[in-house]
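Colleague: Structure in structure tokens, see below.
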Amino acid sequence: MSTISHPHSFSRYCMHCGQRLTTATPEGDFKRRLVCLDCGFVHYINPRPVAGIIPVREPDGHILLVRRAIEPQAGQWVFPGGFMDVGETAEEAAVRETMEEANLAVRDLSLVGVYTRPGPGVVVIVYEAIAVSDASAGHESLEVGWFPPHSIPWDELAFDSTIAALKDWAARR
């Protein structure tokens, strides 16, 4: 067993007893995990949930995208979204992120799909919703833009999950 610096871990020390973590295959498991040899606690590294919304403006059916001001993929377009906080539902996180990134209120959320990004370790939950206010760039956005479905800037989208969700959304129309 060796002491490691796992790329997705937040700590190299046990959250229960403070001892240094090592990698080991726990009894009855099949995969190496972060394990505390002192207290035996197994520290699982799980994907992080992300929630987002494809806001639709009535009556023209245009969707809102934001141009990212932060890495990763600064300068690229994406629908509003971000990491869920403990204590909130996916729907609440999606609505909060839409307000934070686009200063946009929405209503009538409808699930578009769930997209897994194994590399960065995220699960992206995407909704469609009706826009009910004006929009403007939030602190993590350079600008906002309303796009008709036939003018989505496909070559300037930030993530593979952005592309997949927008393709699924467009296919439903």
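Colleague: Determine if the range 54-62 includes at least one residue that is over 21 Å from H139 (Cα atoms), charged (D, E, K, R) and not assigned by TED's automatic domain parsing to the domain that holds A131.
Modeller: no
Colleague: A follow-up question, please. Please specify each residue of the range 20-70 satisfying the condition of being surrounded by 13 or more Cβ atoms within 10 Å (Cβ to Cβ), within 30 Å of W146 (Cβ to Cβ) and among the aliphatic types (A, V, I, L, M).
Modeller: V50, A51, I53, I54, V56, I63, L64, L65, V66, A69
Colleague: Given the condition under 19 Å from R68 (Cβ atoms), without any contact (Cβ under 8 Å) to a residue 40 or more places away in the chain and charged (D, E, K, R), answer yes or no: does some residue in the range 159-167 qualify?
Modeller: So far as the range 159-167 goes, no, none of its residues is under 19 Å from R68 (Cβ atoms), without any contact (Cβ under 8 Å) to a residue 40 or more places away in the chain and charged (D, E, K, R).
Colleague: Further, regarding this structure: Out of the range 82-93, which residues are under 15 Å from S110 (Cβ atoms) and under 11 Å from the mean Cα position of the chain (by Cα)?
Modeller: Across the range 82-93, the qualifying residue is only A90.
Colleague: While we're looking at this one, here's another question. Do we have V122 as touching a residue at least 40 places away in the same chain (Cβ under 8 Å) and touching a helix residue (DSSP H, G or I) at 6+ places or on another chain (Cβ under 6 Å) here?
Modeller: no
Colleague: OK, next. Do you know which of the residues in the range 120-145 that are surrounded by fewer than 16 Cβ atoms within 10 Å (Cβ to Cβ) and either touching an Asp or Glu at 6+ places or on another chain (Cβ under 8 Å) or not assigned by TED's automatic domain parsing to the domain that holds L64 (or both) is farthest from V106 (Cα to Cα)?
Modeller: Checking each candidate, the answer is H139.
Colleague: On the given criteria, is F159 in the same structural domain as V122 (by TED's automatic domain parsing) and touching a strand residue (DSSP E or B) at 6+ places or on another chain (Cβ under 6 Å)?
Modeller: Answer is no for this residue.
Colleague: When you go through (1) in a strand (DSSP E or B); (2) touching a residue at least 40 places away in the same chain (Cβ under 8 Å) one by one for L111, which number turns out not to apply?
Modeller: (2)
Colleague: Taking Y115 as meeting all but one of (1) closer than 24 Å to N46 by Cβ; (2) in contact with a helix residue (DSSP H, G or I) (Cβ under 8 Å, 6 or more places away or on another chain); (3) surrounded by fewer than 16 Cβ atoms within 10 Å (Cβ to Cβ), write down the number of the exception.
Modeller: Unmet condition: (3).
Colleague: Among the residues of the range 7-17, is there at least one that is surrounded by 14 or more Cβ atoms within 10 Å (Cβ to Cβ), in contact with a helix residue (DSSP H, G or I) (Cβ under 9 Å, 6 or more places away or on another chain), hydrophobic (A, V, I, L, M, F, W, C) and touching a residue at least 12 places away in the same chain (Cβ under 8 Å)?
Modeller: No, the conditions are met nowhere in the range 7-17.
Colleague: Here is a follow-up. Based on what the data block shows, is V86 out of contact with any strand residue (DSSP E or B) (no Cβ under 9 Å at 6 or more places or on another chain) and of a type in the set (A, V, I, L, M, F, W, C)?
Modeller: Yes; evaluated as a whole, the condition is true for this residue.
The values are calculated or read from the model by the stated rules, or taken from the named source; none is laboratory data. Note that this is a predicted model, so its numbers are computed, not measured. For neighbour counting, all protein chains shown are included, and Cβ atoms are generated from backbone atoms with ideal geometry for every residue, glycine included.
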